[in-house]
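The values are calculated or read from the model by the stated rules, or taken from the named source; none is laboratory data. If you're wondering where the values come from, they're calculated on a predicted model, not measured in any experiment. Here the Cβ positions follow ideal geometry from the backbone for every residue, glycine too, while neighbour counts run over all protein chains shown.
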Amino acid sequence: MKKLKIGLFLDNYFPTEDGVVMVVEHLAKEYQKYADVVVVVPKTGYEEDRGYPIIRVKSMKVPLTAYRLGSPFFEKNDFVQELKKENFDIIHIHSPFAIGKLGLKIGKSLHIPVICTMHTRFDFEFRKYLKSEWMVQKLVKYVARIYGQCDKCIAVNHAMEKVLKDYGYTKDAIVIHNGTEMTLLDHPSLIEKVKKQYQLDRQYTFLFVGRINEVKNIFFLLEVLKRLKQKNISYKMLYVGEGPDEKKLKQKIKEYHLEESIILTGKITDREYLKAIYYVSDLLLFPSLFDASSLVQIEAASQKTPTVFIEGSVTSNTITNNVNGFTALDDVEKYTDRVIEILKDKKLYEKVKERAYHDLATPWSEIAKETYNLYLNEIHKKETL
């Protein structure tokens, strides 16, 4: 039986390690076990071999961000023809911009299915850089129009399915959750190493993992941490990641006299070491209203560390409050009180962390198989038209 040839197209790539890049990385590695896969991404000047075939498209830096925008129109005239010769059986686009549109164009010309995944709350991202709500709405309608031209759209949870509809997408989407490659830590020496490095003793350990960016609600979280200290809760807080608002966050930590309690670790690329950080943490504090279905909440669950979300946030849609995660109101004082309440109810905490591990830590191998079966269905539908 012929192996499927899968094309994964996205508008961002390493060295940036956002959620979408990591999703494609894991899917590509899983697909290689039973299919042929090619990843089409922008040229970034970062040429490390990832273990799967990569086609790089000329790109340009997006001002004020860490991102690059694929620019296929800068390529030679025969570039698209060369891509067509890859003989893809299916194309899966992971963004609606230049390289995503390129994947859609190639799929249409080859008469093969094109799948898309809605990973991002684009309206939040657009509002960060644009002052015009009219322009924001124009752009989200553009996103819906591109995704509407695909054969099937994947939403990463049911709340994201609704966001997609709100943008103007009129077809039925399918929900496929994200996964993780992390398994429960089995290196006790790493636990001691992490505790020693960050001086974690008998106090509570809180964690945030992600871009140090205001859209992630990192300053809301800082206000919570300030109030926890005022309420005499002894803790160490680790902000893991890097981003454009690091300097501002450091300044505010100093202003609030929280230097002894809060550590900015920077970006951590050693996945085993990051796993140990999740493992030693009591709670992942993740008040983001921006995220769709963050990988970090699944990674935390893989180490039996539950997450505290904002009630009603899209990324909280994959959990049930007090069952496999926690939610708190979008209010600094109420979020603070909720954290204290969780810490005091040890019986509930133990139950929730076990259910988080059981319910949420789905391996990427299962997610890839589910998505692959969707590919087969869409190919069959195309062939029988």
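The listed residues are 308, 352, 314, and the only one of them that is in contact (Cβ under 8 Å) with a residue 24 or more places away in the chain, closer than 21 Å to residue 219 by Cβ and either out of contact with any Leu (no Cβ under 6 Å at 6 or more places or on another chain) or not β-branched (Val, Ile, Thr) (or both) turns out to be 314. No other residue among 252, 275, 344, 334 is touching a Leu at 6+ places or on another chain (Cβ under 7 Å), at pLDDT 95 or above, surrounded by fewer than 19 Cβ atoms within 10 Å (Cβ to Cβ) and not aliphatic (A, V, I, L, M) apart from 252.
Within the stretch 249-272, being in contact with a helix residue (DSSP H, G or I) (Cβ under 8 Å, 6 or more places away or on another chain), farther than 15 Å from residue 204 by Cβ and not β-branched (Val, Ile, Thr) holds for 249, 252, 256, 259, 264, 272. Against the definition (within 20 Å of residue 239 (Cα to Cα), in contact with a helix residue (DSSP H, G or I) (Cβ under 6 Å, 6 or more places away or on another chain) and assigned to a helix (DSSP H, G or I)), how does residue 340 come out, yes or no? For residue 340, the condition - within 20 Å of residue 239 (Cα to Cα), in contact with a helix residue (DSSP H, G or I) (Cβ under 6 Å, 6 or more places away or on another chain) and assigned to a helix (DSSP H, G or I) - is not met. Checking every residue in the stretch 79-89 against the condition of being within 23 Å of residue 377 (Cα to Cα), surrounded by 15 or more Cβ atoms within 10 Å (Cβ to Cβ) and at pLDDT 95 or above gives at least one match. The criterion of at least 1 residues that are of a type in the set (A, V, I, L, M) and over 23 Å from residue 338 (Cβ atoms) is met, among helices (runs of 4 or more DSSP H) falling completely within the stretch 197-311, by 271-280, 295-302.
Listed here are the residues, each with its yes/no results for (1) over 20 Å from the mean Cα position of the chain (by Cα); (2) modelled with pLDDT under 95; (3) surrounded by fewer than 16 Cβ atoms within 10 Å (Cβ to Cβ).
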site: 179; (1), (2), (3): no, no, no
site: 215; (1), (2), (3): no, yes, no
site: 221; (1), (2), (3): no, no, no
site: 240; (1), (2), (3): no, no, no
site: 262; (1), (2), (3): yes, no, no
site: 292; (1), (2), (3): no, yes, no
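Residues in the stretch 126-144 include at least one that is closer than 22 Å to residue 289 by Cα, touching a residue at least 60 places away in the same chain (Cβ under 8 Å) and surrounded by fewer than 18 Cβ atoms within 10 Å (Cβ to Cβ).
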